[in-house]
Amino acid sequence: MTETAEPRVRRWCWEQRVVAAVLILAAAVAGCRPGLGRQLRDGLRIVFMNHGYLDAQIGMPEVTGEGSWLHLNIPVTEGMLYHVGQVTLGGATPMFGQEELLKATGIKTGDVASREAIFNGAQALRDYYESRGYMNSYAVPTMDRQGSNGIVDVHYAVTEGRLTKIRNIQ
C-alpha cells in the first residue's frame, strides 16, 4: 500500500465503524428493541475512545420523520484527542527487564491513546508472563490525564503469578 493510500484506508475503516454503530443505534431508537439504545450509545462511545477521544460523550438521539424519511440526530462531543505520555510499570520484579516488559505492551510515548490498545497491552503483559511459566499473572492499566494538554500517562499495575512447573506429560 502506498504512503498516501494507507491513511485513506484507515479513515474509511474508521468511518465504516461509526456508520455501522449509528445505523444500529437508529434501529434501537426506532423501537426495534427497548433498552438497546443505552448499550449502543456506550458502544459508539467506545469506538471514539478507541481512536483517542477518551472524553467522548454521546447524547440521546433525536429521531424525526418526514414522509418516508427518518432523520436521526446524535449529539456527539468528541473532546480532546489524547496521546500517550509516559508508560510505567508497578509491581514487576526485576526478573524480566523493565524495557522488555514495556516493549511487550506495544504502547509507546506519542501513540494515540487508544482504549483498546491500552487494554491489549495489559493482556500482552499477562501473555508474556504466562509464556514464561508464571501462571495467574495479570496487569491492570490506569490512565492519568495530564491537564488539558492532550497527554495521558499509562500505568500498568502488574501482579506476578507463581512459577509453575509441569511434572509429567502423558
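Throughout, read-outs are computed from the coordinates displayed, never taken from laboratory work. In this text, all values refer to a predicted model and were calculated from it rather than measured experimentally. In this analysis, Cβ positions are derived from the backbone assuming ideal geometry, glycine residues included, and neighbour counts consider all displayed protein chains.
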Checklist outcome for this item: Taking only the alpha-carbon positions of the stretch 40-120 as identical scatterers, the Debye log10 I(q)/I(0) at q = 0.13, 0.19, 0.20, 0.26 Å⁻¹ comes out as -0.57, -0.86, -0.90, -1.15
Item to check | Linear extension gain, residue 127 paired with residue 108, 0.36 nm per residue minus alpha-carbon span | outcome: 5.0 nm
Checklist entry - Convex hull over the alpha-carbon atoms of the stretch 57-170: what's its volume per residue in Å³? => result 165 Å³
Checklist outcome for this item: Distance in nm between residue 68 and residue 159 label points, each 7 Å along Cα→Cβ, equals 5.9 nm
Checklist outcome for this item: With DSSP loop assignment and no more than 12 other C-beta atoms within 10 Å, the trypsin sites (Lys or Arg not before Pro) in the stretch 45-111 are 108
Checklist entry - Where nothing but the Cβ of Lys and Arg (+1) and of Asp and Glu (-1) is charged, how large is the charge dipole of the stretch 62-151 around its Cα centre, in debye to the nearest 20? => result 340 debye
